[in-house]
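The values are calculated or read from the model by the stated rules, or taken from the named source; none is laboratory data. Keep in mind that this is a model prediction, so the values were computed, not measured. For accessibility, only protein heavy atoms count, side chains too; no ligands or nucleic acids. Shrake-Rupley method; radii C 1.70, N 1.55, O 1.52, S 1.80 Å.
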Amino acid sequence: MAAAATLFTAHGLAADEVSLKVTEQLALKGAPIPYSMVLRLGDVSPTRMSVGAYLDLRGFQAQAPALLSSVLQEDCKQKFAVAISDVSTKADTISVRGQFQAKFFGCNSKDPKVHYRRFLLFGQNVNFQATARTVVTHPCMRASLVDLKLDPLGLLGGAADLFGLTELAERLIVEKAEEALSDHPVCPKLPPEIASLEPRYTSGGIREIGVGGLGASLSGSVNTSAATILDLVRVMKDRGILGPQNQ
């Protein structure tokens, strides 16, 4: 993971506010995913600073269909998979749309050691839309599933209920979604040069960027020790915001 920090003065900032922009790359399933974060620091009291973190996750959003599509369960007789078509954000929720795909095969199981898949007996697709919200538990933001809507497709759609496929789809999607969300919290990292800020986030969640864009915001407070102030001064000097040191 590569990270960089840039100190800048953003339009509309108050005189007692400073912003830091952090750009990073995360690796998920071997794919580099860029994202950026803006930290906005404000004066609360002589011994305390507020912090707001604003994350742009549209790089992940663009690659999400390929990264999230997967086989949920498979053996010789059956294969259950999800194909993700779209990830979008509305206000403070994130929605994932796709298909649950079920296939059933003939299976030669005469040999107790080896089973041979033969031919497709039956297949059925079920459209779904899953909705999640987030909560902040320092130092991470975690998502959880709040709604799931299923819609069996085609002339055989009614058979999905008859054979219990709709119920099976719901169970597998919920199980795998909760497992994936639990295993992949969003935990913003700072570059070493400003790591002493040690932000402590207490609230936040998913935020829409533009129309449907995936973003997030967190808020809390930061350490105001002498080390923190010195690190900020060093960053400001390195970025040319402070003048050169007098000789």
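Key figures for this structure:
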| quantity | calculated |
| --- | --- |
| For the stretch 97-156: rounded, prolate or oblate by the Cα gyration tensor [a/c cutoff 1.5] | oblate |
| Kirkwood-based Rg to Rh ratio, the stretch 85-233, C-alpha trace | 1.20 |
| Hydrodynamic radius of the stretch 160-222 per Kirkwood, over alpha carbon pairs, in Å | 15.3 Å |
| Rounded to whole Hz, the Karplus (6.51, -1.76, 1.60) HN-Hα couplings of the stretch 54-61, x for glycine and proline | 10, 9, 9, 10, 5, x, 5, 4 |
| Apportionment of accessible area to carbon and sulfur, the stretch 42-197, percent (1.4 Å) | 53 percent |
| Solvent-accessible area per residue, Å², over the stretch 162-229 with all protein chains present [probe radius 1.4 Å] | 51 Å² |
| Principal semi-axes in Å for the stretch 36-132 [√(5λ), Cα gyration tensor, largest first] | 47, 15, 10 |
| Subset of LYS77/LYS110; LYS189/LYS237; LYS79/LYS176; LYS90/LYS149; LYS77/LYS149 violating a 19 Å alpha-carbon distance limit | LYS189/LYS237; LYS77/LYS149 |
